[in-house]
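The values are calculated or read from the model by the stated rules, or taken from the named source; none is laboratory data. In this text the structure is predicted, and so the values were computed from the model without any measurement. All Cβ positions, glycine included, derive from the backbone under ideal geometry; neighbour counts span all protein chains shown.
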Amino acid sequence: MTEQPMVRFDNVSKRYGALTVLDGLNLEIARGEKVSIIGPSGSGKTTVLRMLMTLETINDGVIWVEGQPLTHMERNGKLVPADLAHIRKIRAKIGMVFQSFNLFPHMTAMQNCIEAPITVLGMKRADAEARAAELLDMVGLSEKKDHYPSQLSGGQQQRVAIARACAMRPKIMLFDEVTSALDPELVGEVLEVIRKLGREHDLTMLMVTHQMGFAKEFSDRVCFFHAGKICEQGPPAELFGAPKNERTRQFLHAVLEAG
Amino acid sequence: MGIRTLVTLLIVALGVIAALATQEAYSLFLPGLLQGAVLTIEIAILGSLLAIVMGVLAALARMYGPAPLRWLATVYVEIFRGTSALVQLFWLFFVLPQFGVTLNAFLVAVLALGLNVGAYGSEVVRGAIQSVARGQWEACTALNMSRPQMLRRIILPQAFVAMIPPWGNLFIELLKSTALVSLITLSDLAFKAQQMNQNTFKTIPIFTLVLLMYLAMSLVVTIGMRLLERRASLGLARGKAA
């Protein structure tokens, strides 16, 4: 028997009224796999992450995490929509980093990183601080631990946000266009931290990105989304090197032209 | 207006009171008026505390409570916003006893004014909570916080800053409304003034002092709220991090 996939989207659909954002998505992600999602805006790529983080509900299908349903729960052998307690139990395995950082502005970098470990995981303050110090060191911001978000650059804020997400020890980490809000010269430092995270931790990573170079170099697999479906997927060398689908070719051509 | 200007104004108001008090035509009324002012301050402070509690509770109940609680909170807000404070005072003081519930006048004053202002306050609290960026909620969800944890640790501390100026207005509104309690037998500042005026007809000194005293009290509220606002927004550059 093969190992359970870390994440499995099983025929998942998302609609807003008459607009279908995702149409019967099937996607499996293996433990430790790094998957990039690319595609034109409006293709539903961010929605994939938001559904997995339970920021959006789904209309059809089931999302599974490590063989357990996330959006549903089993009752009398049947799958029924999950209640909040069940969602929180499964959601604990997932962390997310946002395009707009979303740090807590009334807390220092350190406080941002220890808040949820203390309130949600019930860690002792000293333990949470020790762990946060390690993580802030990993993202290269030990010296900024007592700074408030407003005193940090965009790149620094995003690195704190990565440390904050890691502090909850997720197994799956979601990155939603995490460099899109940054000045070009700050993109590199954030990508470097993600690279490091990929090397040093046994994390499953799913990222929506416009950084084609990074997706090519970092991912095990790239999925090209178009109109709410996966249009083409494969190892980056194949997808970028010899795209089979006409739409993929057009998109890559347009993006590389612009870049 | 800066805090410095407000403090200057307060000093001037108090200075004028002190200067007037050196004249016998004024000093005669000062002890009685001060006595009334103490009662006014007591009602204003207790009423404000009740208003804060009711405002926060009603807002949270309306936003996140189960249906019956939401309904109850809406009824409370609409009744107390939709009828005048005077009618509420009279109702609690004169009508309720006819149903066998007799409350003393001081308690009625605090209840009526606190509940009245709390109804307005709940809208202030609601608006401030809704003004917190959506990304903050999403970050809380991504960190797997429960709703009470989100509100207590992340959302309310940020909403708090946005609430301070409108609450300042409400506190001053409440302070001035305390004059109504003179109509339910309480000897507050307004009551003392009317009583002295009826006995002596010294309208000018009495109402000049009363005006200055209300002004001084509301300036204290305004200055206090400004200081609170300044303190609360330290380290919180709102919007910048969102």
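Just a few scattered comments:
- Close pairs (7 angstrom Cβ cut-off, 6 or more residues apart or separate chains): of a type in the set (D, E, K, R) in region A:149-160, not in a helix (DSSP H, G or I) anywhere: A:159/A:139; A:159/A:140; A:159/A:141
This table checks each residue for (1) touching a His at 6+ places or on another chain (Cβ under 8 Å); (2) under 20 Å from residue A:219 (Cβ atoms); (3) modelled with pLDDT of 95 or more.
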residue	(1), (2), (3)
A:9	no, yes, yes
A:18	no, no, no
A:23	no, no, no
A:63	no, no, yes
A:67	no, no, no
A:75	no, no, no
A:78	no, no, no
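- All of (1) closer than 19 Å to residue B:34 by Cα; (2) part of a helix (DSSP H, G or I) hold for residue B:187 with one exception: (2).
- Single match in B:129, B:79 (criterion: closer than 30 Å to residue A:169 by Cα and away from chain A (no Cβ under 14 Å)): B:129
- Filter pass, residue B:165 being modelled with pLDDT under 95, surrounded by fewer than 20 Cβ atoms within 10 Å (Cβ to Cβ) and out of contact with any helix residue (DSSP H, G or I) (no Cβ under 8 Å at 6 or more places or on another chain): no
- Tallying residues that are farther than 20 Å from residue A:135 by Cα and facing another protein chain (nearest Cβ under 8 Å) within region A:87-99 yields 2.
- Residues (among the hydroxyl-bearing types (Ser, Thr, Tyr), crowded, with 21+ Cβ neighbours inside 10 Å and either over 15 Å from the mean Cα position of the chain (by Cα) or within 14 Å of chain B (Cβ to nearest Cβ) (or both)) located in region A:3-45: A:43
- Count of residues meeting criterion [within 25 Å of the chain's Cα centre (by Cα) and within 22 Å of residue A:99 (Cα to Cα)] in region B:124-156: 4
- Of the set (1) more than 14 Å from chain B (Cβ to nearest Cβ); (2) crowded, with 19+ Cβ neighbours inside 10 Å; (3) over 28 Å from residue A:199 (Cα atoms); (4) in contact with a Lys or Arg (Cβ under 8 Å, 6 or more places away or on another chain), all apply to residue A:59 but (2).
- Residues considered: A:121, A:135. Of these, the only one that is assigned to a helix (DSSP H, G or I) and either of a type outside the set (Val, Ile, Thr) or within 11 Å of chain B (Cβ to nearest Cβ) (or both) is A:135.
Rundown of residues vs (1) surrounded by 15 or more Cβ atoms within 10 Å (Cβ to Cβ); (2) modelled with pLDDT under 95; (3) assigned to a helix (DSSP H, G or I), yes/no style:
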{"position": "B:39", "(1), (2), (3)": "yes, no, yes"}
{"position": "B:47", "(1), (2), (3)": "yes, no, yes"}
{"position": "B:58", "(1), (2), (3)": "yes, no, yes"}
{"position": "B:72", "(1), (2), (3)": "no, no, yes"}
{"position": "B:79", "(1), (2), (3)": "no, no, yes"}
{"position": "B:97", "(1), (2), (3)": "no, yes, yes"}
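- Candidates B:192, B:176, filtered to the one that is under 27 Å from the mean Cα position of the chain (by Cα), part of a helix (DSSP H, G or I) and buried (at least 21 other Cβ atoms within 10 Å of the Cβ): B:192
- Condition met for residue B:156 (within 14 Å of chain A (Cβ to nearest Cβ) and not aromatic (Phe, Trp, Tyr)): yes
- Test for residue A:165: is it touching a residue at least 24 places away in the same chain (Cβ under 8 Å), crowded, with 22+ Cβ neighbours inside 10 Å and closer than 17 Å to residue A:100 by Cβ: yes
- Scanning region B:138-152 for residues that are within 9 Å of another protein chain (Cβ to nearest Cβ), surrounded by 19 or more Cβ atoms within 10 Å (Cβ to Cβ) and either within 21 Å of residue B:127 (Cβ to Cβ) or touching a residue at least 60 places away in the same chain (Cβ under 8 Å) (or both) yields a single hit, B:140.
- All conditions in (1) within 16 Å of residue B:177 (Cβ to Cβ); (2) surrounded by fewer than 20 Cβ atoms within 10 Å (Cβ to Cβ); (3) hydrophobic (A, V, I, L, M, F, W, C); (4) touching a residue at least 40 places away in the same chain (Cβ under 8 Å) hold for residue B:51, with the sole exception of (2).
- Hits in region A:218-250 (condition: surrounded by fewer than 19 Cβ atoms within 10 Å (Cβ to Cβ) and of a type in the set (A, V, I, L, M)): A:227, A:237, A:242
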